[in-house]
Amino acid sequence: MKLIFRLSIAILAFAFGVSSTLFWLDWNRFPPQKAETYDPSRLPILALCEVVNNPDIYDRKTVRISAKLRSDEDGFRLSNINCYGEKKQVAVLFGNQYTRIMEKIRHELGIDTYDPWEPVEIIAVGEFRKVTPSGKSDQIPDKACLQFEIMSIETASPFR
């Protein structure tokens, strides 16, 4: 009887050891990955025309754009004299970043107050989207086929 009891304990210990080893090996097969830090400065700077002429390529992608930021009664938009037209209007969205972005523009321009009606040349990082205009109003976000949600402004300078 003692022999059967000891043999059972030995088999259980062996089974536990083998299963623990297999579990440990499986767990460590794919070590945890370090979270990659997002560095927008590694993105190439694209001309606005490149993005608006190829909206399917850049749709829903984070891009770094060089363009003129301008505003009027219909809202903010990106523009470039070399690529304009109804289908190439780019509405600018700020999400919850409006105040921070306006402060960055003021800082880059070296002024206390920024008049959004004055166009500025910017390099900005954001998400580009090709959308179907809602047509709810005459506001640019409702009538433009393209949108750019600004995540950050890298540089801003007066438009010449």
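Scanning the stretch 77-122 for residues that are of a type in the set (S, T, N, Q) and either in a strand (DSSP E or B) or touching a Ser or Thr at 6+ places or on another chain (Cβ under 9 Å) (or both) yields Ser79, Asn80, Gln89, Gln97.
Within the stretch 97-110, does at least one residue satisfy the condition of being among the aromatic types (Phe, Trp, Tyr) and in contact (Cβ under 8 Å) with a residue 12 or more places away in the chain?
For the stretch 97-110, residues among the aromatic types (Phe, Trp, Tyr) and in contact (Cβ under 8 Å) with a residue 12 or more places away in the chain: absent.
Are any of the residues in the stretch 137-157 under 28 Å from Asp39 (Cα atoms), in contact with a helix residue (DSSP H, G or I) (Cβ under 8 Å, 6 or more places away or on another chain) and of a type in the set (Asp, Glu)? Yes.
Filtered by the rule that a residue be modelled with pLDDT of 95 or more and aromatic (Phe, Trp, Tyr), the stretch 113-130 gives a lone residue, Phe128. Going through (1) outside any loop (DSSP other than H, G, I, E, B); (2) more than 20 Å from the chain's Cα centre (by Cα); (3) under 25 Å from Arg60 (Cβ atoms) one by one, Pro133 falls short only on (1). For the stretch 19-42, the condition holds for at least one residue, the condition being that it is at pLDDT 75 or above and either in the same structural domain as Asp115 (by TED's automatic domain parsing) or exposed (fewer than 10 other Cβ atoms within 10 Å of the Cβ) (or both). Evaluated against (1) at positive phi; (2) surrounded by 13 or more Cβ atoms within 10 Å (Cβ to Cβ), Gly85 falls short on exactly one condition, (2).
The values are calculated or read from the model by the stated rules, or taken from the named source; none is laboratory data. The shown structure was predicted, so the numbers you read here are calculated from the model rather than taken from an experiment. FYI the Cβ positions are ideal-geometry reconstructions off the backbone, even for glycines, and counts take in every protein chain you see.
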